[in-house]
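What follows draws every value from the coordinates through simple rules; no lab data is involved. Bear in mind the structure is a predicted one, so any value in this text is a computation, not a measurement. Virtual Cβ from ideal backbone geometry, glycine too; neighbours counted across all protein chains shown.
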Amino acid sequence: MTKEEALKKYFGYDSFRAGQEALVDGILQGRDVCGIMPTGAGKSLCYQIPALLLPGITLVISPLISLMKDQVTTLNQAGVHAAFLNSSLTAGQYRAAISNMANGQYKIVYVAPERLHTESFLRAIKQIHISLISVDEAHCISQWGQDFRPSYLKISDFTELLDDRPVIAAFTATATKEVRDDILVLLGLRDPLQITTGFNRKNLRFLVQKPQNKWNAAMKMVREHEGECGIIYCLTRKTVEEVCSELIKNGYSATRYHAGLSDEERRHNQEDFLYDRKQIMVATNAFGMGIDKSNVRYVLHYNMPKNIESYYQEAGRAGRDGLPSDCILLYSGQDVVTNQFFIDKMEPAEDSDPETAAQIRERERERLRKMTFYCFTSDCLRDYILRYFGEYGDSYCGNCSNCLTKFEELDITQTARNLISFIRESPRPYGLVTVTDALHGSGSSKILRAGLNRNPYYGSCASTPLYQLRQVANHLVLHDYLCVSDGDYPVVTLTEAARSILSGGQIFMKIAQKPLQDTSEKETSKAKKGTKSSVQGDMDRDLFENLRLLRLEIAKAEKVPPYII
Ligand code: ADP
Ligand code: MG
């Protein structure tokens, strides 16, 4: 059988997609491979077709129990003998599967990485010939990514144990250099064929909004996609619960998914969504790795995620069938705070030294900054993402919320100088909110008590609207003119760059002529109901406000550190 025949016979497709054929050929020629392709590109076929053509068995190492089950079911239906080995099997089922494997009854076996070094598994594989080991979601081996699984680090020990070293194939949708390097080194790939297909997903339309009221903005989007499937991602379980129950109250067919639910309920809700029994999935980042649902028409991020990798992977679950789909991100300053909290709370792997833990945190902060920039940039959003992954696209896609908006350059030099001077003249540092309030001339008791009204720059921006002052302040933070400290009470200080503005430098900020803000001013009767819900009062607060309260709230709500929420 040729690879084309296998493609047609078992999968029903006439042609390979970008990258697939080269990877299949590489494996068939006995070469290690590393395939980096975006979500939905069709990575599974790249190892399933060689598995059918190679003489021995193929082991697929996968981190996800639900995914293994789905894929094995699909393969069995297509007439391929396949099985999975993971903790969802009873002891009896597991023994049966292992002995079938040892008897050569399967062509493809999916196995959880923790199982590789168990005695029964090691004994069974002594009796069979393994042609190929395919490591799916291979980024789990890297501590740079949020999906790090320590058990992935033991994969190369396992391959060393085998008398006849099989071909090793690695697949992931994460394209950053650190992760790619980790995969090559830690899996011990030998002179691998590396294929990276384009990350541009032309059918996705990217939108960023900074709505006054997220709930209204979300409802508007949901209504625009009435009758279609969508995923709504939230940062915390609490928000998932609130958004989901509001949707249901408003008559929508919604379900939810997060790490706080029982395995049983998660599985049930996921299937409701996959099989179109429920239209909207409201979830934390616990939902979605490996999910193959083709007709998701929109992915709405109710909160900004922690980095571009996560964002693109989650947003990329829209439009896997290639039809036009929307990826909407609703930003608020609070999202930055929440993500900072998660980064602070990150637990390093057991054997990593404190130095690396600090470095990883620093790296995560940097990635969060780049994500935040995405929400503030006035460049083409698609181009911004592609550049992040090291690709150069057109700087104008004509289809994202920035390409569709007209911007004007606002000269903020004077405001910035007042703000910087105010900070320079302060006897001690204050938070960004206090500084902008004082600059605006607020007479609040807090400001008077601190004597900030005696600062020569107090009230020097009284005629600038407060929201614009905060925009300028955020702009200065994001562009490294101001530095915000960590901790419960973040304070703002000047950087070297700030001094350059005082000594004559000019500074501009692009602002939308017609901001793509929350356009759903008119609330429909549907949205009006239950206005007391806290999701509906989620106003865009300032970037560094309310940190302490939020910490307490999340600390109460979360049990699963650090990132699978
Ligand atoms: P990934 O693992 O890269 O996210 P999958 O392997 O789950 O993607 O494949 C995504 C979808 O694309 C699946 O529904 C799969 O059947 C389909 N697909 C894969 N290869 C092809 C192809 N050559 N032609 C048509 N559809 C394909
Ligand atoms: Mg996959």
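Annotations
- Among the listed pairs Lys8/Lys202; Lys406/Lys510; Lys9/Lys293, those beyond 18 Å (Cα-Cα): Lys8/Lys202; Lys9/Lys293
- A cut-off of 5 Å between modelled amide H atoms, ignoring neighbours fewer than 5 places along the same chain, links Phe84 with Tyr110.
- Between Glu271 and Arg369, the modelled label-to-label distance comes to 4.7 nm, taking each label 7 Å out from Cα in the direction of the beta carbon.
- Only the Cβ atoms of Lys and Arg (+1) and of Asp and Glu (-1) were treated as charged; on that basis the dipole of the chain about its Cα centre amounts to roughly 1280 debye.
- The mean sequence distance of close C-alpha pairs (under 8 Å, at least 6 residues apart), as a share of the length of the chain, puts its relative contact order at 15 percent.
- The phi-based Karplus calculation (6.51 cos²θ - 1.76 cosθ + 1.60; θ = phi - 60°) puts the 3J(HN,Hα) values of the range 60-68 at 10, 8, 9, x, 10, 5, 5, 5, 4 Hz, whole numbers, x for Gly and Pro.
- Stretchable slack from Ser245 to Glu362, in nm (0.36 nm times residue separation minus alpha-carbon distance): 38.5 nm
- When Rg and Dmax are taken over the Cα atoms of the chain, they come to 26.0, 85 Å.
- Relative to the longest principal axis of the Cα atoms of the chain, the long axis of helix 237-249 lies at roughly 90 degrees.
- Positive-pole candidate from Asn86, Phe341, Val24, dipole of the chain, charges at beta carbon: Phe341
- Rounded, prolate or oblate (a/c below 1.5 giving rounded, otherwise prolate when a/b exceeds b/c) for the range 1-59 by Cα gyration tensor: oblate
- Annotation: amide H of Leu410 within the under-5 Å range of Met509, Lys510, Ile511, sequence separation 5 or more or interchain, hydrogens built in the peptide plane.
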